[in-house]
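Here the structure is laid out as C-alpha cells; the discussion comes afterwards.
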Amino acid sequence: MAEAMQSVARPVPLGEVSLKPEGVPRNCPSDGSESFRSCDSSPSSTSSPSTPAEESASEEPSDITQTKPVISEQELQAVLAELDRTWGDCCGLYVHGSTIFANQPPHDLDLIAVVDHAKQEVPQDSPDSQFTLGRCEVSVYERRTFLEKLEAMDLTMLTCLSTPKRFVLKELQDARLRDFKLDLAVLEESVVSYAEYTWMKAQRVLNEWKDPYKSSKNAYFVFRVLEFGCQLADHGRIVNLKAANHKWDVIRQLYQTLNIQPGEEDVIEAILGRHFKAAVADFQGKVATARGRTPASVPQPAQNWETCVICLEPVRGSACQKRLELEQLLTTPSDANVAETWVQLVNCRHCFHTACIADAVRASRKADRSLRHAACSVCRASVVVTLSEQRRRKRRMSFAGYPATIRHPTRNRGADRGADRGADRGADRGAGGRRYEDRQNEDRRNEDDRDVNHRDRRYEDARHEDRRYRDRNQ
C-alpha cells in the first residue's frame, strides 16, 4: 500500500501537518456549520484577496466552545456503548451529512464510525452495516476497509480527514494517516466517477422512486462532489464544506418552479447538463495543474441566438437586462429567480428561456413517446450529456451505500481483491455456503450494469436520432 502511494508524481500531502492550506493557522477551523468560521479569509498564497466584509468577519471571535454541542454527552455515550456491545472497539467517530455541510437544517445526526476487532460481519456499503439510535444514524466501517477506501481516494473518507475538529468526536489514530498523500490520478477518476454515478442516480430516483425532492438532492450532490474535488486539487484538503450550498438553493427552486415530475429526466439534462459538463472540465483542469501539466483546452463554441425561438422574446442582450444565465446563478450566489433565467444546451449551445426549454422537452416526449431522449427545438441536437468514447469504454469505479462509497477499493486499484480479505479473515466460508457479502456483491454488480446499460442506451439513442435528422435533411 505504501509503495503504491509513493509512486505518484508530485503527490499532494494530506497528513497531520498539511490538514490546512499553506498560510492558514493550524488552529483555525474550516467552514463546517452555521456557527463555524471559514478559514478562506486567512491570507495564503492560494486564496484571493479578502473583501472588507470578509476581513471584518474574520476578526470576529471564533471561540467554538461557546457554540451548542453537536451531540449531547448522553447520546455520545449511548452510541459508543452500542458500538462496543455489537460492532467492535470504536477507534474513530466523525459527524457527517447536513450537520457539517449546512445545506439545510439537519433532521438527524449522521455519524461515520470506524471499529477494530469487529464482533460481527461488517458488510461494505450495506444497510446491515448501519444502525439508528434516537436521532443518530451511524454507518460502521472496519479500520481496514476505511483505509482501503481512503487510499482509493473515496470522497467520504477524505471528507472525514477534513472535518472540523468540533465535528470529530473521536479521531482515528493511525500511522498511515500521518504519511498519507493524495494520489491525484486516482482522485480524478474517483471524483469524476462519483459525480457521474450521482448524476445518473438523480434521474433514477426521479423515475423509479418517484421522488422529485430526493432527485433534486442528488442533482445538488453532483456539484458538491466536484466542488470538493476542486478544493482537494487546489489545497490538498477540503477547506470549505459549504462552498456549494448556494447551488442547492438554485436546484431546489428549479425543481419546484418547473414542477419536475417522474419521467422528465431530459428536463434535468437540458437545464443542468451544460453546467455539469463544465464543472467536470473545471475539476479536471485543476487536477492537471496540480500535477504540473497544462490543462486540456476545451473548445467553447459561440453562443447561438439571442432570441428564444419558442416564445420569440429576447434571451440576452440589451433588450433583456433583467435575465441572467442559469450558469451565473449556479456559479455565484444571487437573489435572482430561476424563472427569470435562460440556459444554453450542452451540445449545440442554442439559448432558451429556462421555462421555455422545459416545456419544449416535455412536448417533444409527449409527441413521440418512442424517443428515449429530447432534442433541441432548433437543430435537433440531443439535450443529453454524452461522454467521449474513451471515457465510456474506461472501467469506472462503482459506488453504493449511504453515504455512497467506492465498492471494492483494492480491486479498483488493480490489487488482488482476495489478498487482504484472506489475510484478515481467513478463507473459510463455513457450512452455510456463500457469505452474505458475496450475495450483496452480485446484487450490486447487477445494479451497476443496469446503470451503465441505461446510460449507453441514452447515448446510442441520441446518436441514432442525430443520424436520422441528418439523413432527412440531405
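The values are calculated or read from the model by the stated rules, or taken from the named source; none is laboratory data. Remember, it's a predicted structure, so these values are computed and weren't measured experimentally. Here the Cβ is made from the backbone with ideal geometry for all residues, glycine too, and neighbour counts use every protein chain on show.
Selection within the stretch 397-419: residues that are surrounded by fewer than 18 Cβ atoms within 10 Å (Cβ to Cβ) and within 19 Å of the chain's Cα centre (by Cα). The member of this set that is modelled with the highest pLDDT is PRO403. For ARG316, the conditions (1) in contact with a Lys or Arg (Cβ under 8 Å, 6 or more places away or on another chain); (2) at pLDDT 75 or above; (3) in a loop (DSSP other than H, G, I, E, B); (4) not assigned by TED's automatic domain parsing to the domain that holds THR257 all hold with the exception of (2).
Looking only at residues of the stretch 319-364 that are modelled with pLDDT under 80 and basic (Lys, Arg), we find that the one that is farthest from the chain's Cα centre (by Cα) is LYS322.
Rundown of residues vs (1) among the aromatic types (Phe, Trp, Tyr); (2) outside the structural domain of GLY88 (by TED's automatic domain parsing), yes/no style:
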residue	(1), (2)
ASP125	no, no
LYS149	no, no
SER162	no, no
LYS165	no, no
SER193	no, yes
TYR197	yes, yes
PHE228	yes, yes
ALA233	no, yes
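Here's the yes/no breakdown for (1) out of contact with any Lys or Arg (no Cβ under 9 Å at 6 or more places or on another chain); (2) modelled with pLDDT of 95 or more:
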| position | (1), (2) |
| --- | --- |
| GLN66 | yes, no |
| ALA102 | no, no |
| LEU109 | no, yes |
| VAL114 | no, yes |
| LEU155 | yes, yes |
| LEU172 | no, yes |
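Could you please let me know if VAL250 is closer than 22 Å to VAL186 by Cα, hydrophobic (A, V, I, L, M, F, W, C) and in a helix (DSSP H, G or I)? Judged against the criteria, VAL250 is not a match. Taking the conditions exactly as written (assigned by TED's automatic domain parsing to the domain that holds ALA175, touching a Lys or Arg at 6+ places or on another chain (Cβ under 8 Å) and either part of a helix (DSSP H, G or I) or closer than 23 Å to ARG224 by Cβ (or both)), does THR86 satisfy them or not? Against the criterion (assigned by TED's automatic domain parsing to the domain that holds ALA175, touching a Lys or Arg at 6+ places or on another chain (Cβ under 8 Å) and either part of a helix (DSSP H, G or I) or closer than 23 Å to ARG224 by Cβ (or both)), THR86 qualifies.
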